[in-house]
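The values are calculated or read from the model by the stated rules, or taken from the named source; none is laboratory data. If you're wondering where the values come from, they're calculated on a predicted model, not measured in any experiment. Just the protein is used for accessible areas: all its heavy atoms, side chains included, with ligands, DNA and RNA removed. Shrake-Rupley method; radii C 1.70, N 1.55, O 1.52, S 1.80 Å.
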Amino acid sequence: AKAEFDRHIAYYESEMDEHARQRRAMARDIWAAVEQGAFRLAYQVQKAVATGEVTGYEVLLRWDRPLHGPVSPADFIPVAEECGAITSIGDWVLRTACREAARWPEPYKIAVNISALQLGQVELVDTVRSALLESGLSPKRLELEVTETSIITDKNRALHILRQIKAMGVSIAIDDFGTGYSSLDTLRSFPFDKIKLDRSFMQEVEQNEQSKAIVRAILALGRSLSVPVLAEGVETMAQLEVLRAEGCNEAQGFLLGRPGAIDWDDLLELPVAAN
Ligand code: C2E
Ligand code: CA
Ligand code: CA
Ligand code: CA
């Protein structure tokens, strides 16, 4: 048994080493990408459910890692946080996104994801302010998306930072809503401007009455708080129909548009009267 135990431990340790080695290698490549300006941005459209009009775009970070190919931000952001590169990357994302949005026609908004680590740094307030000044973008057209988990790390500090940013006229959305373990508490602690319903709710909403009931309840919650709800991950007409029937405000997902370049046709199209 002792020999077997030792073998297990040795295996476990080599796995740990391998994992740490891979993370170090990725961190090195992330820093190189920061220096070379190798990150790109993709934009995903957000639309009003009732009219189909474009309301804005969410910015999504893209990285084509040398010798590896595209890596999802869900995989490299945690490493970028760990190695400290997230601050430079987050700065770049904010500045580039604001500059891009300043070229669009007036009402369209730009939504930018903010990581937990950024939300723990007071510098974020200055970064947002200077990104707005530099680009000339009106603060009311910028929205920051923060997750509940990124707030609870150091709640008081995060709320303090968010309040200062909101005071500039920038709006704040709560992202992946419904997946954290204290979503209602988070909602109570800050006057969010938008609720982004996590896409896991969309996956079942067509077949499952229970999921539909939960979606309906969250929409009712949004209405009673006067906070608009955007449903993420809308992939089918059936899902969109449910959202329309239940009075969801906005939607985002592959059905409405994949992340990519801005579709200028969409931005310049005249709004069609709802009937
Ligand atoms: P998120 O903020 O929840 O972003 C939505 C993710 O869902 C994106 O994945 C998007 O491509 C994907 N998506 C959109 N519509 C659909 C759909 O209909 N079906 C499915 N299955 N997926 C859909 P992506 O681009 O891989 O980003 C993953 C996560 O990485 C984001 O989740 C966000 O948390 C983070 N992220 C992305 N860009 C940034 C950034 O600039 N800064 C920070 N801090 N985080 C970012
Ligand atoms: Ca988001
Ligand atoms: Ca989300
Ligand atoms: Ca189009």
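Here are a few things to note about the model shown:
- Relative contact order of the range 1-156: 19 percent, from C-alpha pairs under 8 Å at least 6 residues apart in sequence.
- Residues E123, E241, E143, sorted by accessible area with the largest first, give E123, E241, E143 [1.4 Å probe; ligands and nucleic acids excluded].
- Treating each Cα of the range 119-179 as an identical point scatterer and summing with the Debye formula, the log10 of I(q)/I(0) at q = 0.24, 0.28 Å⁻¹ comes to -1.01, -1.23.
- Long-range amide H partners of K109 with built H, under 5 Å: G56, Y57
- Taking the longest Cα principal axis of the chain as reference, the axis of helix 86-101 is set at about 20 degrees.
- C-alpha long axis of helix 123-135 to longest principal axis of the chain, angle in °: 50
- Cα-based helix-to-principal-axis angle, 2-36 vs the chain, degrees rounded to 10: 50
- Across the range 146-272, the convex hull enclosing all Cα atoms gives 136 Å³ per residue.
- Counting DSSP beta bridges with both ends in the range 1-146, the antiparallel % (nearest 5): 60
- The chain - mean residue ellipticity at 222 nm from DSSP helices (-39,500 (n - 2.57) per run, n ≥ 4, rounded to 500): -15500 deg cm²/dmol
- Across the chain, the mean sequence separation of Cα contacts (distance under 8 Å, 6 or more residues apart), normalised by length, yields a relative contact order of 19 percent.
- Of all beta bridges that DSSP places with both ends in the chain, some 40 percent have antiparallel geometry.
- Across the range 103-110, computed HN-Hα scalar couplings (Karplus, 6.51 cos²θ - 1.76 cosθ + 1.60, θ = phi - 60°) run 8, 7, x, 2, x, 5, 9, 10 Hz from first to last residue, x flagging Gly and Pro.
- For the pair the range 65-135 and the range 198-232, the centres of their Cα atoms are 28 angstrom apart.
- Taking each of K109/K166; K47/K155; K109/K155; K166/K196; K47/K212 in turn, the alpha-carbon distance tops 25 angstrom for K47/K155; K109/K155.
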